[in-house]
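Asker: Can you read through this structure? Questions will come right after.
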Amino acid sequence: MSIQTDNDQFIQLHSPDQHSSCTIYYHGAHITSYINNGKELLFLSKKSSFEQDKAIRGGIPICFPQFANVGKLKISHGIARNVNWKLIDKKLTLEKVTVIFELIKSNEYNGNNLEYSYYTSNSIRLRSNLFL
């Protein structure tokens, strides 16, 4: 069981039973890989650019504060998947590995004025299975 944070782009979690692992990018708090019993269970497009202001294609994204174009932003699926999140907590127990990311922003994003400032967090727990 471990949390590897020696990379400035992503972290890797390994379950206590060593049967599963996942990779989470700070960019969008985006889960790009989930391996269970040696099998990759997520699709990740080779077209993913991993660049600021661009979404990672595939994996498990966070769509916030809107989904698709349903909302006032002109950015599909909101802004949370296009910016870096902050890792604020990590815990190892005998049963699970848990990390928590947070995103706090003012009411502006790339010239888009939002009606409000926002805060959101994402808790990811890995045992034999992945929990969000």
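The values are calculated or read from the model by the stated rules, or taken from the named source; none is laboratory data. All of these numbers come straight from a predicted model, not from anything done at the bench. Glycine gets a Cβ as well: all are built from the backbone with ideal geometry, and neighbour counts include every protein chain shown. What goes into the accessible areas is simple: the full protein's heavy atoms, side chains included, and nothing from ligands, DNA or RNA. Shrake-Rupley method; radii C 1.70, N 1.55, O 1.52, S 1.80 Å.
Asker: If only one of Lys96, Lys54, Lys72 is farther than 28 Å from Ser21 by Cβ and either open to solvent by less than 70 Å² (accessible area, probe 1.4 Å) or at pLDDT below 90 (or both), which one is it?
Answerer: Numbers: Lys96 fails: farther than 28 Å from Ser21 by Cβ; Lys54 fails: farther than 28 Å from Ser21 by Cβ.
After applying the criteria, what remains is Lys72.
Asker: Is it fair to say Leu132 is closer than 22 Å to Lys39 by Cα, out of contact with any Ser or Thr (no Cβ under 7 Å at 6 or more places or on another chain) and modelled with pLDDT under 90?
Answerer: Working: closer than 22 Å to Lys39 by Cα: yes; out of contact with any Ser or Thr (no Cβ under 7 Å at 6 or more places or on another chain): yes; modelled with pLDDT under 90: yes.
Taking the combined requirement at face value, the residue satisfies it.
Asker: Would you mention how many residues in segment 76-93 are surrounded by fewer than 17 Cβ atoms within 10 Å (Cβ to Cβ) and modelled with pLDDT under 85?
Answerer: Residues of segment 76-93 surrounded by fewer than 17 Cβ atoms within 10 Å (Cβ to Cβ): 76, 83-84, 86-93.
Right, trim to modelled with pLDDT under 85 and you get 76, 83.
Within segment 76-93, residues that are surrounded by fewer than 17 Cβ atoms within 10 Å (Cβ to Cβ) and modelled with pLDDT under 85 number 2.
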